[in-house]
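**Q** One structure coming up, written as structure tokens, with questions to follow.
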Amino acid sequence: MLGICRGRRKFLAASLTVLFVPAITWIYLFAGSFEDGKPVSLSPLESQPHSPRYTASSQRERESLEVRMREVEEENRVLRKQLSLAQSRSPSHHRGNHSKTYSMEEGTGDSESLRAGIVAGNSSECGQQPAVEKCETIHVAIVCAGYNASRDVVTLVKSVLFHRRNPLHFHLIADAIAKQILATLFQTWMVPAVRIDFYDADELKSEVSWIPNKHYSGIYGLMKLVLTKTLPSNLERVIVLDTDITFATDIAELWAVFHKFKGQQVLGLVENQSDWYLGNLWKNHRPWPALGRGYNTGVILLLLDKLRKMKWEQMWRLTAERELMSMLSTSLADQDIFNAVIKQNPFLVYQLPCFWNVQLSDHTRSEQCYRDVSDLKVIHWNSPKKLRVKNKHVEFFRNLYLTFLEYDGNLLRRELFGCPSEADVNSENLQKQLSELDEDDLCYEFRRERFTVHRTHLYFLHYEYEPASDNTDVTLVAQLSMDRLQMLEAICKHWEGPISLALYLSDAEAQQFLRYAQGSEVLMSRHNVGYHIVYKEGQFYPVNLLRNVAMKHISTPYMFLSDIDFLPMYGLYEYLRKSVIQLDLATTKKALIVPAFETLRYRLSFPKSKAELLSMLDMGTLFTFRYHVWTKGHAPTNFAKWRTATTPYRVEWEADFEPYVVVRKDCPEYDRRFVGFGWNKVAHIMELDAQEYEFTVLPNAYMIHMPHAPSFDITKFRSNKQYRICLKTLKEEFQQDMSRHYGFAALKYLTAENNS
């Protein structure tokens, strides 16, 4: 009892401090703002530098007073925070027996709320009550559709993960495209204490397709209206976010605001910061009905359980039907309907402080939401202009956004202290495999790379493919890093068919690639190129993993396994489609070889026919590929026979053979143990031979290797003895695995290796 009384005395002292310190401060400032019995303005807008009384001395005094005023205001803000924490009551329900976490501050509330809190605090329970439990899961819902929105979601999630200290459960309402992209991304990201659930957006279209919508978000911009019906019935509350949101604070602070809802408040929203709903933006502007300025739905707090009890589904439908009779369509998608409902039922909304949704579109009052940019919580890029929007602090906002855009997502794979993650089979298997490796093994890093899970973002750019009616289509498959981007335009000019590319990039390089591609007329005119980003991790170039990623995501029955440094002959795409039919690739195990040549010239007049190529060979402008450094790699192609061949001819496998081939999409993957330089293609061709593929050389096909600087990996191979020793060890282990898997037939590979 004595402790309670002491606590209340402290509480009363804090209350008096908050009440009297501002008064004393302003008396001090008021008295100090007089000079010779006349007041001196503290506002820079009211200062008169050309007045006789405006001296350097008075300017310094004015600045000193302003600094002191800001210091006192900051002290008051801290005291208000302590006071609001002291007066908060215990929530009536806790999930589980988790320990308590840090306290959350909503922000600077209005003065009426503060005074009401002081009065209520005198009769409240003593002690500090945290608003969010330490390991409480925070639920976030996002509607996402298409390729561009999938990229935006990643930046949003990065900003949330960067600040978070709680487990997260993302509920993604996604179309088939976004689901494929994001499911792969999160599966390979492997972030602890993060759960992802998908809900089919295409199945929800019938729920909102009857509403005409002029907004650029289309039908997906209406789907937040049906979340009470879409999300699990046992989910009580959720934070709903647009994809163009960036967090500048821990999302748990926003989650804590749910505890401030009272009575029938079920929607947490920030006031709209533009004049849209005031109807004065242009002549005859007629917006949907709204309460005052209306509310922006880029950030929403939904109390799902109460909304269901209020029959939210019926409520918004009736409102939409009534308003559409006169409005005919929505202009701002779901936001118009939310506002129309709130106009009729204002008791539903809890108004969030505007720093929870600072709306960076033109002609907004966003700058009134904060005194300093450090006060911001959530930035909303809700203008079609996005980063080009006008705001006096736009450089700060842009830099914050770009920080997360290019932030290394691998750094966000951190465990939450004291919050155990749910058991994940893939993660457990990975840990088991890694634990079986010997860290003292000199080739440990090579072996470890085989099990490294690389974060993968499929279809980084828009992709469209129309299947060929004759089922003969062929996709060119290749992989590259940042230093080979210059080859993309040339390949697109030489190959008009579908292409599947795996790019090994950092997060920052991925954005450089995006800008490069969007600035290229050639690349932007091609929609049948699938760009799959595999994010950098580890010290080796995972060449065979990249090839496997590109192979796995083709849409055609056949694929041409190439390398990014090669330009295919003009017309090769159509020639291969005809060869597929001619050689009955659909029902036979064949690998069609495209002979490889090279030039040492950076500027080459590309041969337009086989005859022209043979002439250039004779003149020394072209050479058979790697004839001077690695003859065995392509010697079995038999270039002497190819010169005069007019029909396809069969060749036999030989040691170290590594041609470029056309195969069915069901061919075996590349072996991931081979990274960097050496034996990555050789091992694959060996396995094709073990599976009894027939190697057939095409007589009128060719490809030419273009010169480039040596790769980092080939430099390591040439300069590092241990690198070569490890490659030899991996090669021997691969051959042993082949013998175990294919039995007696695989013995020839050991014999051939010994004889070579």
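The values are calculated or read from the model by the stated rules, or taken from the named source; none is laboratory data. All of these numbers come straight from a predicted model, not from anything done at the bench. Using ideal geometry, Cβ is built from the backbone for each residue, glycine included, and neighbour counts are taken over all protein chains shown. Surface accessibility is based on the protein's heavy atoms, side chains included, excluding ligands, DNA and RNA. Shrake-Rupley method; radii C 1.70, N 1.55, O 1.52, S 1.80 Å.
**Q** Need the C-alpha centroid separation for the stretch 635-652 versus the stretch 153-220, integer Å.
**A** Value for the Cα centre distance between the two parts: 52 Å.
**Q** At what distance in angstrom do the alpha carbon centres of the stretch 607-633 and the stretch 314-354 lie from each other?
**A** 70 Å
**Q** May I pose another question? Please report the carbon-and-sulfur percent of the accessible area for the stretch 183-268; probe 1.4 Å, protein heavy atoms only, DNA, RNA and ligands left out.
**A** Roughly 46 percent of what the probe reaches on the stretch 183-268 is carbon or sulfur.
**Q** Now, a different point. Phe566: accessible area at probe 1.4 Å, nearest 10 Å²?
**A** So the heavy atoms of Phe566 present about 0 Å² to solvent.
**Q** Working with all protein chains in place, sort Phe162, Phe338 by solvent-accessible area computed with a 1.4 Å probe, largest first.
**A** Descending order: Phe162, Phe338.
**Q** Measure up Lys432/Lys536; Lys641/Lys681; Lys224/Lys552; Lys681/Lys748 against 29 Å on the Cα-Cα distance and list the ones that go over.
**A** Table pairs above 29 Å Cα-Cα are Lys224/Lys552.
**Q** I need the phi-derived Karplus couplings for the stretch 572-586: 6.51 cos²θ - 1.76 cosθ + 1.60, θ = phi - 60°, integer Hz, Gly and Pro marked x.
**A** 4, 4, 5, 4, 5, 4, 5, 5, 4, 6, 4, 9, 6, 5, 5
**Q** Can you send over the solvent-accessible area of Tyr627, 1.4 Å probe, protein chains only, in Å² to the nearest 10?
**A** Rounded to the nearest 10, the figure is 100 Å².
**Q** Could you work out the relative contact order of the stretch 527-636? I mean the mean sequence separation of Cα pairs under 8 Å and 6+ apart, divided by the number of residues, in percent.
**A** 19 percent
**Q** Around Thr319, with a cut-off of 14 angstrom between Cβ atoms, what is the net charge of the other residues, counting Lys and Arg +1 and Asp and Glu -1?
**A** -1
**Q** Using the Karplus curve 6.51 cos²θ - 1.76 cosθ + 1.60 with θ = phi - 60°, what ³J(HN,Hα) values do you get for each residue of the stretch 139-156, in whole Hz, with x for Gly and Pro?
**A** 9, 10, 10, 9, 8, 9, 9, x, 6, 5, 4, 5, 5, 4, 4, 4, 5, 4
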